[in-house]
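Read-outs throughout are calculated quantities, based only on the coordinates presented, and are distinct from any laboratory measurement. Treat the numbers as computed from the prediction; the structure is a model and nothing was measured. Cβ placement follows ideal geometry from the backbone for every residue including glycine, while neighbour counts extend to all protein chains displayed.
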Amino acid sequence: MLAAMPQPPVAASRDEPVIRDRGDACPGALRLHAADDGFLARVRIPGGLLTAPQAAALALAADRFGDGHLELTSRGNVQLRGLADGCGGGLAELLDAAGLLPAPAHERVRNIVATPLADPAPARALDALLCADARVAALSGRFLFAVDDGRGDVAALDPDITLLGPDPDGRTLLRLGAARDAVEVAAEDAPRAALLAAHHFLDAVDGAGTRAWRVAELTGEHALDVAEFGRLLDGLGIPARYVAQAPRPYAPPPEPGVHADALCVLVPLGRLTTAQWRTLPGELRVTPWRSIVVHGDAPAVDPGLVTDSDSAWRSVTACTGKPGCAKSLADVRADARALVHVATGELPVHWSGCERRCGHPRGTRWVDALATGDGYRLSVNGRELSPAPTDLAVGLTAARNANPSEIPQSPKPQ
């Protein structure tokens, strides 16, 4: 293996509330984002679930309106880049005809990650409830639901509301943010309970007056109380049992390769051509780890895609970088490609063009290769390598094989 298995996340909290003074500018399929390489559309794919016609429609959209590529995000969504100014109406019409915009007012809040090798029914049920509920249209485009079958893969992705299960008794845990406690409900009640948890969050945001986007941004007297939420569910006809110390199972993402009747295909740096996309037949499951799960007979995969679990690409990610992003200080994708087979190691590495570190790994230890405009600054779990390496390949190799606790920290600037 070229990368250590990711570690379970640790529950975290904030000492001070986050107070928003502006609205959420997160892009969507209807709200396009102006980038240096044209406009960008982010199409939410709840649970990563795409029918064959929907997958075909995305490829057609990329060819007709964009640059002929599709990008997979760290939430299992699909981005189209290089879109021309004025294409929004045509793009929306194409996506709507394919069933990819079932609720235009909700399209940016359909953020659901789901275990890609599990039954998709719970994720579909939750999405249907979200699309039919006017209140949740107020959620930020950053708010995240996770539907985990109990193994603990997508539960590790810092979700705001997690459904974990069902267990052998048909019970599902519901967790709010990174809380150690949870409520347990019948599996058939879990999607509705998740919807009500979103209402509970929005009520708390209204009370706090901070315009919080995520559960972790609510602190102090406005932090969500899991026991209180359990009582709320009981009062609304959903029997709920409070669990003070909920189990936190963990499983790594699916490796590239065959999994029973499915094939997991890794997309290097999360970007592929429409020709490559079209080689993947039938219903697809886009994963939050920039891979695609294909069920049924294994297709003849394009050689630019990865089905080898020992590939160096399985532990290398990057943001958009130059020339697509104006904020980026380097062409991070080109640099990642140049060193992918040279600077190998146990820890995954994410190449970032600026301090925002878009798309960085979650639920794992990782190496941060951050562009500075004068090379790269390397750190492991926030601990910067000191002194800074003069040879990037040598330094990156050392970082990827380092014990984070043994890395001397650079002095903080005064």
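Here are some notes:
- Near Val340, once Lys and Arg are set to +1 and Asp and Glu to -1 for all other residues with Cβ below 11 Å from its Cβ, the sum equals +2.
- Radius 10 Å from Cβ of Gly76, net charge of other residues (Lys, Arg +1; Asp, Glu -1): +4
- Interchain or long-range residues, amide H under 5 Å from Glu384's placed H: Ser410
- Scanning the chain for long hydrophobic helices, with DSSP H runs required to stretch 30 angstrom or more by C-alpha along their axis and to average at least 0.5 on the Kyte-Doolittle scale, returns nothing.
- Peptides ranked, highest mean first, by Cβ atoms within 10 Å: ranges 109-122, 89-102, 153-166: 153-166, 109-122, 89-102
- For the chain, the list of Cys residues with no other Cys C-beta under 4.7 Å reads Cys26, Cys87, Cys131, Cys264, Cys325, Cys354.
- Three-way shape call for the range 114-153 based on the alpha-carbon gyration tensor, with the a/c threshold at 1.5: oblate
- Remark: relative contact order (the chain) = 17 percent; criterion is Cα-Cα distance under 8 angstrom and separation of 6 or more residues.
- Beta bridges from DSSP with both residues in the chain: antiparallel share about 75 percent, rounded to the nearest 5.
- Segment Asp225..His259, full-extension length gain: 8.3 nm, with 0.36 nm per residue of separation and the alpha-carbon distance subtracted.
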